[in-house]
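Structure below; questions to follow.
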Amino acid sequence: MSLKDRGIIIVGGRSGIGWAVAQGAAAEGARVTIASSSAAKVAAAADRLGGGARGVPVDVTDPASVEAAFANVETVDHLVFTAGDWGGLRRAKVADLDLTAARSLFAVRFWGALTVVKALQGRIPPGGSITLTDGMIAHRPSPGAAVSSAMAGAVEHLVRGLAVELAPIRVNGVCPGLIRTGVWDSIAPEAREAQFEQMTRRQPLPRIGEPDEVAQAYLYLMRAGYTTGQVLKVDGGSSVV
Ligand SMILES: NC(=O)c1ccc[n+]([C@@H]2O[C@H](COP(=O)([O-])OP(=O)(O)OC[C@H]3O[C@@H](n4cnc5c(N)ncnc54)[C@H](OP(=O)(O)O)[C@@H]3O)[C@@H](O)[C@H]2O)c1
């Protein structure tokens with residue numbers, strides 16, 4: 001199944017992993033729409049992508065914004081969701097947890113994903129696909145990150161439930177390990193590289209992953225006509241050791 005001339009919406013596509021998916025899909029001749037909350041940045045990213053790509057502002061935490069953003073979409077072959085925010089919950093043991101911040105951790109990645117799926121699923125044709133995003137914290141809990149693990153695991157179970165309910169639309173997920181995107185830029189370069197080395201040294205592939213490497217998983221899952229309900233780990237093999 002080729003992506004040529006397919007309509008693809010990538011929510012979170014103006015940066016990082018979603019941007020790499022947008023570039024890969026555009027290179028295969030897809031009609032790409034990227035969406036995210038910063039109107040200026042999403043417009044600039046669509047311009048940079050070229051080839052008639054569209055940029056749509058949307059705040060996935062606001063159902064009215066989601067409805068409005070996609071009101072003119074008649075059909076879309078593939079929906080990719082990579083949106084994620086980074087402000088909210090700091091690492092905290094359960095005893096010290098701010099429950100309001102803990103709840104807000106689900107707002108973009110879980111409830112935002114479900115809001116977009118609810119809005120668009122009726123416009124995805126049979127054989128089209130939805131691909132959501134979680135992260136290896138779902139499988140590798142650590143002290144102070146129990147809520148993050150729960151949220152990421154919830155996304156994986158949402159994938160399984162939706163795959164059953166929305167068939168023959170295919171629903172899959174991608175579970176990235178450590179990926180070199182702008183989210184790590186707040187750490188000074190030298191300390192950052194040392195941290196990457198420390199975090200990945202026990203992996204079979206002992207390095208950080210690149211956005212275009214994880215993008216391959218999304219591109220595959222869009223094309224893979226007999227695959228649904230799966231979550232593909234792209235983690236340098238960290239899950240097997
Ligand atoms: N990078 C990693 O190492 C890594 C590892 C495991 C999992 N992940 C997961 O992969 C996903 C993508 O990560 P990334 O590294 O590519 O991060 P990123 O570059 O920050 O991309 C996230 C995107 O989400 C958009 N966004 C944030 N809030 C939004 C909202 N309310 N409505 C619509 N769009 C919103 C942002 O654009 P605007 O600012 O314009 O809204 C941004 O383009 C995240 O869920 C992350 O948790 C990443």
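Suppose we filter region 201-241 for residues that are more than 21 Å from the chain's Cα centre (by Cα) and assigned to a helix (DSSP H, G or I); how many remain?
Here the count works out to 1.
Considering only residues of region 74-88 that are buried (at least 16 other Cβ atoms within 10 Å of the Cβ) and more than 10 Å from the ligand (Cβ to nearest atom), which is nearest to the chain's Cα centre (by Cα)?
80
Next question, about the same structure. Of all residues in region 1-53, which are within 18 Å of residue 76 (Cα to Cα), basic (Lys, Arg) and touching a strand residue (DSSP E or B) at 6+ places or on another chain (Cβ under 8 Å)?
6, 31
Okay, moving on. Quick check, is residue 137 out of contact with any Gly (no Cβ under 8 Å at 6 or more places or on another chain), closer than 20 Å to residue 220 by Cα and within 16 Å of the ligand (Cβ to nearest atom)? Before the answer, list the steps.
Numbers: out of contact with any Gly (no Cβ under 8 Å at 6 or more places or on another chain): yes; closer than 20 Å to residue 220 by Cα: no; within 16 Å of the ligand (Cβ to nearest atom): yes.
Against the criterion (out of contact with any Gly (no Cβ under 8 Å at 6 or more places or on another chain), closer than 20 Å to residue 220 by Cα and within 16 Å of the ligand (Cβ to nearest atom)), residue 137 does not qualify.
Here is a further query. Mind checking which residues of region 220-241 are in contact (Cβ under 8 Å) with a residue 24 or more places away in the chain and not aliphatic (A, V, I, L, M)?
So in region 220-241, the residues in contact (Cβ under 8 Å) with a residue 24 or more places away in the chain come out as 221-225, 227-241.
If the condition is that a residue be in contact (Cβ under 8 Å) with a residue 24 or more places away in the chain and not aliphatic (A, V, I, L, M), then 223, 225, 227, 228, 229, 230, 233, 235, 236, 237, 238, 239 are the ones that fit.
Read the figures in this text as sums done on the coordinates, not as results from a lab. Nothing here was measured: the structure is a model prediction, and the numbers come from that model. Every residue, glycine among them, receives a Cβ derived from its backbone with ideal geometry; neighbour counts consider all protein chains shown.
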